[in-house]
Protein chains: 2
Amino acid sequence: MPTTDDHKTEHLVPDEADLDARKAAILNAVVTEYIGSAQPVGSQHVVDAPGVSVSSATVRSDMAALERDGYLTQPHTSAGRIPTDKGYRFFVDQLGGPGPLDAGGRQQVRQFFDHAHGEIEEMLEHTSGLLADLTDCTAMVVGPSHESAVVRSVQLVGLGHRLALVVVVLADGAVRKQSIELAEDTDDAALAEAGGRLAAHVLGSPLAQVVGTPAPSGTASVDAIAAAGAAALRSLGEADGHDQLFVGGSSRMAAAFDAVDTVRSVLTILEQQLVVVSLLRDILDTGLTVAIGAEHGVEPLASCAIVVMPVSVGGVEAGTIGLLGPTRMNYPLALAAARVVGDRLGERLGEAAR
Amino acid sequence: MPTTDDHKTEHLVPDEADLDARKAAILNAVVTEYIGSAQPVGSQHVVDAPGVSVSSATVRSDMAALERDGYLTQPHTSAGRIPTDKGYRFFVDQLGGPGPLDAGGRQQVRQFFDHAHGEIEEMLEHTSGLLADLTDCTAMVVGPSHESAVVRSVQLVGLGHRLALVVVVLADGAVRKQSIELAEDTDDAALAEAGGRLAAHVLGSPLAQVVGTPAPSGTASVDAIAAAGAAALRSLGEADGHDQLFVGGSSRMAAAFDAVDTVRSVLTILEQQLVVVSLLRDILDTGLTVAIGAEHGVEPLASCAIVVMPVSVGGVEAGTIGLLGPTRMNYPLALAAARVVGDRLGERLGEAAR
DNA sequence: GTTGGCACTCCACTCTAGTGAGTGCTGGCC
DNA sequence: GGCCAGCACTCACTAGAGTGGAGTGCCAAC
């Protein structure tokens, strides 16, 4: 009934604009309480909340209004209220805010980044574990894209038996490899010669923009190797499209739901790296930080919410952090953790990839 | 009461030696049925099984004997029988056997290895997915150990801003990297010089056996870089101890149990790569192929069974396959899949790493 | 040793209150 | 008009009683 809807939207203030202060306070209380208890919240539990200094009867009538406006719902008559996706949305947009990370959490983050060592991949992997610990959500960390990183070094390494490895180092420290088959037993000199020509051809340009073959050397066997190497680089450039994903704390999903079916379908999604990466991408592209319930359009995650935070290095996007939990997840905590860890991670990546 | 136990073991035949043929057939039928239905099996459901041409009353008395001997158990009086861990053990050792992979499965394996491409890590990752699909279990694939692989190439690549990358290629095609910090802005020539000395020092020896520093060059700055590189190599050698693990199909664990708690604790274990790798290692070391229930000693996995299969390349162990499922998993299928995929994977690794 | 028969057990299910948290409504008060 | 105490009502949840049936153990007979 679009007519009725339009009517409402146009003439009744509360639907579009902010809710009346007390209703907002009540909604806030219901969401907060429900996030903590996972139980429907009754009017009695809300009367003592800040900003609500009225009787339970009045709260009830406000709750009924909030339900009419779609912020709350009842599992059944004569049960307490549960926030709807719209209710969570209002909470996140108008009420919650990032909220500070507690002292223990801040300490954990500091300690983590003080002791973080090793290569990027390892650090990202561990970061996902940290986030999961902090928020009790499943954490997803997408590594920096290497699309624009230029080639800093190319090397051909013979592995014996007609096999060689093309090893590429990008300016941001990423290393890619691809094995190529050689036509016949090749001596190291030819390999080195071909490697040199390959390097001259691609050094300084992004991996994705490698085209053509190196200039001919006059020796057919060397040219063949160089061409094979160039082909390998191209296939590496194409494969680089899908960024690396690190998922941590997927066991938290089992604790979040008591229906095994839900757990299974969520885990199934998490196993599909491509789906997850593009899901996070999509959410970011629509300009959201939090996607609640059906907002992200992935049906099996309808009872989940996702917090997304871009990781930027010097203003340039260099990865993404995602937190997956039930729609009744602790948004303030998740937002705070994502922000803090994202910032620190960005700094770290900046130090490494200058 | 060890005395009683000894007494039994020594003087009563059925406990140690094979069960009487019909009892074995009954046990076989119970296990098979229970694997399929997950419901306690009554005597009536067994009378039609091959090798059991007796009435249900006789089956009952045999079942009672099997229960006395510890092969079966009852959830409660007047319910059907469920196999104990010992019952599964007998089934696996004496009855089941690998059992052939069905046509669809064989086709799937063939297709997978025909189309498998890319580098080892990617293939191992996908192999875990394949195994999960085939068996409906969670699959674990441990990559080949690089402990004994000798260094084929070492390179120092400058990344700008006092940062350089040590890139090591091992003879089996594995690539390792580690960033090092340079004392001050260093020119490429010094980097190349140091790289050359580093290479001369370690080429041909296994990564884990890198000791000392390269021979001095006479230039202090070059020596410093070379020393830093050698230190990086040592730390890489140490880090190489824990092999790469790829877990596929962890969502299957959610389908296997209906207690969310169990699912959560199993997933928690799966997140700890080190634990999983050493668990598989331990099982192999005790000479087992299948570890059932408490046999592997990891308490949260008490209701799980693990099928382990070494992957060997030319007789040398080069990785491990593991399948994790509930104790009532389909052992013949899991064993068959593990064997077939393990063999094919071994062949593949052999082709690549010669 | 095997079998049909029989009494028994006990889970799973249904049905029936009874309980209580929570609601919507109403009439009176400020 | 907004607020509130009071009240009747709703309905999930729980406990207890009753029932059906799948399954067992035992026994006497073949």
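The values are calculated or read from the model by the stated rules, or taken from the named source; none is laboratory data. From a predicted model like this one, the values you see are computed outputs, not experimental measurements. Positions of Cβ are backbone-derived with ideal geometry, glycine not excepted, and every protein chain shown enters the neighbour counts. SASA here: full protein model, heavy atoms, side chains in, ligands and nucleic acids out. Shrake-Rupley method; radii C 1.70, N 1.55, O 1.52, S 1.80 Å.
A few comments on the model shown:
- Residues of the range A:263-286 that lose at least 40 Å² of accessible area (1.4 Å probe, protein heavy atoms only) when the other protein chains are present, relative to their chain alone, are A:Arg264, A:Leu267, A:Glu271.
- In nanometres and ascending order, the distances from the B:Thr73 label point to those of the other copies are 4.2 (point 7 Å from Cα along Cα→Cβ).
- Chain A - percent of accessible surface contributed by carbon and sulfur, probe 1.4 Å: 51 percent
- Counting lysine pairs in the protein assembly as shown that sit 8 or more residues apart in sequence, or on different chains, and whose Cα atoms lie under 22 Å apart gives 7.
- Around the amide H of B:Glu119, modelled in the peptide plane, lies no amide H under 5 Å away from a residue 5 or more places distant or on another chain.
- Cα-based helix-to-principal-axis angle, A:273-285 vs chain A, degrees rounded to 10: 60 degrees
- Mean Cα-pair separation over length for chain B, i.e. relative contact order, pairs under 8 Å, 6 or more apart, %: 17 percent
- Kirkwood analysis of the range A:159-220, using all unique Cα-Cα pairs, places the hydrodynamic radius at 12.9 Å.
- Taking label positions 7 Å along the Cα-Cβ direction at both A:Val211 and A:Glu299, the computed distance is 4.2 nm, reported to one decimal.
- Relative contact order [Cα under 8 Å, 6+ residues apart], the range B:151-239, whole percent: 29 percent
- Amide H to amide H, with H built 1.01 Å from N, A:Cys304 comes under 5 Å of A:Gly293, A:Thr327, counting only residues 5 or more places away or on other chains.
- Amide H contacts of B:Leu159 (H built 1.01 Å from N, under 5 Å, at least 5 apart or other chain): B:Ala164, B:Leu165
- Sorted shortest first, the distances from the A:Pro300 label point to those of the same residue in the other copies are 2.2 nm; each point sits 7 Å from Cα along Cα-to-Cβ.
- Distances in nm from B:Ala57 to the matching label points in the other copies, shortest first (labels 7 Å along Cα to Cβ): 7.5
- Solvent exposure of the range B:303-354 amounts to 34 Å² per residue of accessible area, where only protein heavy atoms count and the probe is 1.4 Å.
- Compared with its chain on its own, the range A:305-354 contains the following residues whose accessible area drops by 40 Å² or more in the full protein assembly (probe 1.4 Å; ligands, DNA and RNA excluded): A:Arg354.
- Working ranking of peptides A:147-155, A:114-122 by packing, defined as the average number of other Cβ atoms within 10 Å per residue, highest first, is A:147-155, A:114-122.
- For the pair B and A, the buried accessible area comes to roughly 3300 Å² in total, with a 1.4 Å probe and the value rounded to the nearest 100.
- Once the Cα gyration tensor of the range B:69-192 is diagonalised, semi-axes √(5λ) in Å: 52, 20, 13
- Shown are A:Val308, B:Val260, whose ranking by accessible area with a 1.4 Å probe and every protein chain present, most to least, is B:Val260, A:Val308.
- Zone residues, the range A:289-308, relative to A:Glu67, backbone N less than 17 Å from point 7 Å out along Cα-to-Cβ: none
- The tail of the calculated P(r) for the range B:237-354, taken as Cα-Cα distances beyond 25 Å, holds 23 percent of the pairs.
- The value for the range B:125-183 of Rg(Cα) / (2.2 N^0.38 Å) is 1.69.
- Only Cα pairs under 8 Å and 6+ residues apart enter the sum, and on that basis the relative contact order of the range A:183-320 stands at 14 percent.
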